[in-house]
Amino acid sequence: MKIPPILKQYITEAILKTGLRMPSRLKLPPSSLRFALEQITRVFPQRRDVEIRQIRLAGIAAEEIKPQPAATQLIFHIHGGAFFLGSLNTHRAFLSEIAVRTQMQVLHIDYPLAPEHQYPDAAEAIYDVYQQLLDQGIQPKDIIVSGDSCGASLALALVLQLKQRNPALVPSALILMSPLLDLTLTSQSLRYNRKHDALLSIETVATGISFYVPGDMDRSTPELSPIFGDFTGLPPTLVQVGSKEILLDDARRFEQKASQAGVAVRFKLYTGMWHNFQMFSPWFDEAKRSLDDLAEFAQEIDQS
């Protein structure tokens, strides 16, 4: 029996709220929440028409996901998880789908998580990996930097750092999926979408930030909250966000500020979708459309 789309979405949101969002509000140890997330993401089907290779870059465990031997463009993806969740395992199936749809090589890394590692450990590890890619002869024009949730924050912070050090190092494009960009938590959607976001709770975000940010640091510095950075000179950027996300306004604020700075920004809003909805593309049309949009954007960058 085929389940109607509305009923399927209702059931999925109920499962997510019960299985992940509710436990995340109970102040469980990070190990318990990491285990829960790993179990939930096991339901995502992994594409078999890719080659996955375990590697190390700058001392960090990583994976290459290749849909074809001669892929010319590289998507360097930084996974989300509120700075203390997420792994190669949680994002492997999702990124295998992106690799097939874009026909590009995808690289993702197991950067150090909080609370075991506070800022700047993750940011420094990500920068070192990017630098090693350049040292291996990969050109910035052949790299798209991508991130979801807090990974989008780390991705944007990386590009801002590269731009400041040497604009010639800036990648060809940036992809921000369901981005967490303001660690001061001042976006209004944190409140008005609090009951609607099936996956992410304010408590999880606040906990992750408290784990990640040293107590004596100003959370509004662009290194931590890249929404407050100078966007002039950023590469073309795709922003994707769901209408039910508590982080909706982080994405909207980025789109407004980036446009004012002259950035070629493409903002995509997906109706009825929750945080990190792109990972649910096997089951929901809006999530499928988001990956189609991502692939179209990436291929336009590759051909420009």
Which one of these does Gly272 not meet: (1) part of a helix (DSSP H, G or I); (2) more than 24 Å from Ser225 (Cβ to Cβ); (3) not basic (Lys, Arg)? (1)
Residue under question is Glu245, and the condition is that it be under 16 Å from the mean Cα position of the chain (by Cα) and more than 19 Å from Glu296 (Cβ to Cβ); does it hold? yes
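If a residue must be in a loop (DSSP other than H, G, I, E, B) and within 13 Å of Asn89 (Cβ to Cβ), how many such residues does the stretch 31-75 contain?
4
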Go through the stretch 254-299 and count every residue that is crowded, with 19+ Cβ neighbours inside 10 Å, within 24 Å of Lys141 (Cβ to Cβ) and touching a residue at least 60 places away in the same chain (Cβ under 8 Å). 5
Kindly indicate whether any position in the stretch 137-155 is without any contact (Cβ under 8 Å) to a residue 12 or more places away in the chain and more than 21 Å from His275 (Cβ to Cβ). yes
Return yes when Arg219 is in a helix (DSSP H, G or I), surrounded by fewer than 21 Cβ atoms within 10 Å (Cβ to Cβ), among the basic types (Lys, Arg) and out of contact with any strand residue (DSSP E or B) (no Cβ under 7 Å at 6 or more places or on another chain) and no when it is not. no
Return the only residue of Gly59, Gly19 being over 20 Å from the mean Cα position of the chain (by Cα) and at pLDDT 85 or above. Gly59
Pick from the stretch 287-304 the residues that are at pLDDT below 95 and farther than 24 Å from Thr232 by Cβ: which of them is farthest from the chain's Cα centre (by Cα)? Gln303
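The values are calculated or read from the model by the stated rules, or taken from the named source; none is laboratory data. Bear in mind that the values here come from a model prediction, so they are computed numbers and not experimental data. Backbone-built Cβ (ideal geometry, glycine too); neighbour counts: all protein chains shown.
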